[in-house]
Amino acid sequence: MLSYITWTADPAILSVFGREIRWYGLFFAIGFLIGYKMIEYMFKKEQVPPAWADKLFIYVIIATVIGSRLGHCLFYDFESYIRNPIEIFKIWKGGLASHGGTIGVIIGVWLYSRNVTKRSMLWTLDRLVVPTALVASLIRLGNLMNHEIYGYPTDVPWAFKFITNIHEYQTGAPPIFSEPSHPTQIYEASVYFLTFILLVYLYFKTGAKERSGLIFGIFLTLVFLSRFFIEFIKLDQEAFEEGMILNMGQLLSIPFIIAGIYFMCRGLTNKAGTATPPKTAPGSKKK
């Protein structure tokens, strides 16, 4: 007898003045809050200016939102948005791409490093990606609550039946369920969480942070390599992906995997201590 889980979670926690508060948004906010507190602790431990954490938080929030939104519009539905560009700003309708968010954050860190720390981008990235892996895991749990980004039908005992008419279901319509399918959101969330645990260990218990780019490289490799393989059992997100040997998510992951391997090798071959901060940190002078 086929075993499966019927998933009926409501994407919305509650409604305030006609606006839904969703689990996706809550998980996103919790992730960023935990990330901020971790960065604050890491910067304090390394005796750099406390204001650096506040400024990094602002840069990353803005870069993530802009990058992930533009990434979705450019990579997944370019023709639709180019015909009606005002839709790009309607972020509440959904449509965020993790690859675009990653590019946005890298650009944001470049600006942050140039304007705030005056240090190599890799110094910041080696620290920022530690909590970022946790944020990525929470975001995938948000996708699970939204009944989206799941996999092909399967007969594994942990298969999920998702509601395919979730918006209509929320307004009172009877649910229409998918076939028992791979809960790929959980697969990705699990890998990202394990990556988070590994990066925490590397940062706090080893000298990895002294090898510039090593932690960043490990993050890119593990996150995007796992994403590449999980995509093989994930349903296409857009119609144009049908029939593609590699879908858009996989094609976009390849450059990040290559970059990750490069930075890992670079970090492992560089002498430890290359990431050690200068004695006088820029911006640390008291007024």
request  = Please specify each residue of segment 125-142 satisfying the condition of being over 11 Å from the mean Cα position of the chain (by Cα) and either open to solvent by less than 10 Å² (accessible area, probe 1.4 Å) or among the charged types (D, E, K, R) (or both).
outcome  = 125, 126, 127, 130, 142
ask   = Checking residue 60 against (1) of a type in the set (A, V, I, L, M, F, W, C); (2) touching a Leu at 6+ places or on another chain (Cβ under 8 Å); (3) open to solvent by 60 Å² or more (accessible area, probe 1.4 Å), which single condition isn't satisfied?
value = (3)
message = Looking only at segment 70-91, count every residue that is in a helix (DSSP H, G or I) and either at pLDDT 85 or above or over 18 Å from the mean Cα position of the chain (by Cα) (or both) and tell me the total.
response = 12
inquiry  = Considering only segment 149-159, I want to know if a residue exists there that is modelled with pLDDT of 95 or more, under 22 Å from residue 123 (Cα atoms) and outside any strand (DSSP E or B).
reply    = no
remark   = Picked from segment 16-35 (must be in contact with a strand residue (DSSP E or B) (Cβ under 7 Å, 6 or more places away or on another chain) and part of a strand (DSSP E or B)), the residue nearest to residue 156 (Cα to Cα) is 22
query = Of (1) in contact with a helix residue (DSSP H, G or I) (Cβ under 7 Å, 6 or more places away or on another chain); (2) exposed (fewer than 14 other Cβ atoms within 10 Å of the Cβ); (3) at pLDDT 95 or above, residue 260 satisfies all except one. Which?
reply = (2)
key: In segment 238-257, residue farthest from residue 219 (Cα to Cα) [restricted to those that are buried (at least 19 other Cβ atoms within 10 Å of the Cβ) and among the small types (Gly, Ala, Ser)]   = 249
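The values are calculated or read from the model by the stated rules, or taken from the named source; none is laboratory data. On a predicted model such as this, the values are computed, not experimentally measured, just so you know. Heads up, the Cβs are rebuilt from the backbone with ideal geometry, glycines too, and the neighbour counts pull from every protein chain shown. These accessible areas exclude ligands, DNA and RNA; they are computed on the full protein's heavy atoms, side chains included. Shrake-Rupley method; radii C 1.70, N 1.55, O 1.52, S 1.80 Å.
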